[in-house]
Amino acid sequence: MASVSYPILPRLMYAALWLLAFPAVIGLLLFRSLAQPAYRRHLSERFARYPQVGKAPLWCHAASMGEVHALKPLLAALRGDFPDVPVLITCQTPAGRQAAQALGLVDSMVVYLPFDLTWLVRRFLGHFRPRAALIVETEIWPNLFRETHHARVPLMMVNARMTERSLRRYRHFGGLFRAALTMPEAILCQSPADAARFVAAGASAEKVAVSGNLKWDLVPDEAAREAGIRRRAAWTHAPVWMAASTHAEEMAAVLATHRAVLARWPSALLLWAPRHPERFAVAATAAQAQGFRVHRRSREAEPSAAAQIFLIDTLGELRTFMPGMDLVFVGGSLQAIGGHNVLEPAAAGIPVLVGPHTAHFADSIRALKEAGGLLEVVDAGGLLSTVPALLADASRRQAMAAANRECVAGNRGAVEKTKARVAPCLGAPC
């Protein structure tokens, strides 16, 4: 590995920003812990204090739940070829940690990544001594990248993506992130557009490649799918639609749409999963205030015949409720968030609706839209009109479901391409 360092002025500015922001970061964690006590747990890990470990692991950083699910098929493939290599997964959120633990990998450990301060990163690397590092999607931490490179640990970004907005933000930091992107041995991108943006941000074109989106390779568990369909068949409600990963400004649109659905089908049911746990109680209160009969997953295991809204206010269960849905609206797209993962409902063979703000998943949304399995609405009014119209058209929903299954199957292959690049670092020096 060639020796690389950062320009001194941006590095000093970054260190100063961390010192100024550090009390606020700790305060934010404690504030979030008021709604999610899990943020208070394992706090020492964020200061690089960990249990003892054995052999050098393959280290994978997957910030939260979405990145963990993207990593799942790759880890399964690597474990098939390298069963004796332990796995270390680092996360930054309780949801990510829970999702990583739920993978149930033998000889693995899940911990929080330390704060991006040089001395903490050095302590982390010295403790685990990983044989290789995989950074999932868009996690670019300058000190982490520099210290991993200096420790001569092969570093790769996998399933890498970058929006235009992120590119502009990285450019504001001058040479700091440009230098950070020279550290990875490879940057394996989801799409040609992502690859072009990484090069524009400072990565070497020779190190950037397009491997595809790992999330296309997530194959639904057939037993879980059948269990979900049986669960849905036991309910007396019809139709049943889902609003998944919604944000605060989308709440009114979801409730207005469901009111329109109930006006036409009094026995209809909405399965509603707000994106963040701190929104669970807010969503339940808002729905009840408007007269909806709300059941909550945390209190009632299943919706009774009287329920009009079933609030999925637990973590890690959303995908188990997807099979059998008549359609799914994926949130973070009416509000200017950038969208969330549409491939899970698509792979389950469910028609998908999104709003206009989908920059984070532009390529997968474009593919599903062109295949005919996904519809994009322009605003809340579009959601209000499209959901009842689609629920009334069973033949169109069936065609959309088939199109989504075919599109997902036709785009698989990212796991094999990524594994081919990662495998040499596990069997011998890269």
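FYI, it's all coordinate maths here, none of it is from the lab. Everything quoted here is computed from the prediction, not taken from an experiment. FYI the Cβ positions are ideal-geometry reconstructions off the backbone, even for glycines, and counts take in every protein chain you see.
Taking the Cα centre of the chain as origin, work out the dipole magnitude from +1 charges on Lys and Arg Cβ and -1 charges on Asp and Glu Cβ, in debye rounded to 20.
In total the dipole reaches around 800 debye.
Express the relative contact order of region 152-268 as a whole percentage, based on alpha carbon pairs under 8 Å and six or more residues apart in sequence.
Reported relative contact order: 22 percent.
Diagonalise the Cα gyration tensor of region 1-124 and give the resulting equivalent ellipsoid semi-axes, square root of 5 times each eigenvalue, largest first, whole Å.
Its equivalent ellipsoid spans semi-axes of 27, 21, 13 Å.
Place a +1 charge on the Cβ of each Lys and Arg in region 222-410 and a -1 charge on the Cβ of each Asp and Glu, then give the dipole magnitude about the Cα centre in debye, rounded to the nearest 20.
420
What are the principal axis extents of the Cα atoms in the chain, in Å, biggest first?
So the three principal-axis extents are 67, 44, 42 Å.
Name the residues whose placed amide hydrogens come within less than 5 Å of the amide hydrogen of Arg293, ignoring near sequence neighbours (fewer than 5 apart) on the same chain.
Under 5 Å from the amide H of Arg293: Gln308, Ile309.
Only counting other Cβ atoms within 10 Å, I'd like Ile337, Ile309 sorted with the fewest neighbours first.
In increasing order of surrounding Cβ atoms, one gets Ile337, Ile309.
Apply the Kirkwood formula to region 60-218: the hydrodynamic radius equals the inverse of the mean of 1/r over all pairs of different alpha-carbon atoms; give it in Å with one decimal.
Every distinct Cα pair counted, the radius reaches 15.9 Å.
If one computes the Cα centroid of region 384-430 and of region 122-197, what distance in Å separates the two points?
Measuring centre to centre over Cα atoms gives 26 Å.
Only sites in a loop by DSSP and with at most 15 other Cβ atoms within 10 Å count here; which trypsin sites (Lys or Arg not before Pro) in region 49-124 make the cut?
For trypsin sites (Lys or Arg not before Pro) across region 49-124 that sit outside H, G, I, E and B with at most 15 neighbouring Cβ atoms in 10 Å, the list reads Arg49, Lys55.
Identify all aspartates and glutamates with a Cα-Cα distance to Lys369 below 20 Å; exclude those on the same chain that are fewer than 8 residues away in sequence.
Of all the aspartates and glutamates, those that pass the test against Lys369 - Cα under 20 Å, at least 8 places apart if same chain - are Asp194, Asp217, Asp326, Glu344, Asp379, Asp393, Glu406.
What is the distance in Å between the Cα centres of region 11-79 and region 269-323?
Taking the Cα centre of region 269-323 as reference, the centre of region 11-79 is 29 Å away.
May I ask which residue of Val330, Ile312, Ala238 lies farthest towards the positive end of the charge dipole of region 222-410, with charges of +1 (Lys, Arg) and -1 (Asp, Glu) on Cβ and the Cα centre as origin?
It is Ala238.
For region 222-410, calculate the relative contact order in percent as a whole number, restricting contacts to Cα pairs under 8 Å that are 6 or more residues apart.
22
Which lysines, on any chain, are close to Lys419 with Cα under 17 Å apart, when same-chain ones fewer than 8 places away are left out?
The reachable lysines, counting only those whose Cα sits under 17 Å from Lys419, are Lys72, Lys207, Lys215.
Starting with the fewest neighbours, write out Phe145, Phe47 ranked by other beta-carbon atoms found within 10 Å of each beta-carbon.
Result, fewest neighbours first: Phe47, Phe145.
Quick test of the membrane-span-like rule: which DSSP H helices of the chain reach at least 30 Å along their long axis (C-alpha atoms) with mean Kyte hydropathy at least 0.5?
Result, helices passing both filters: 8-35.
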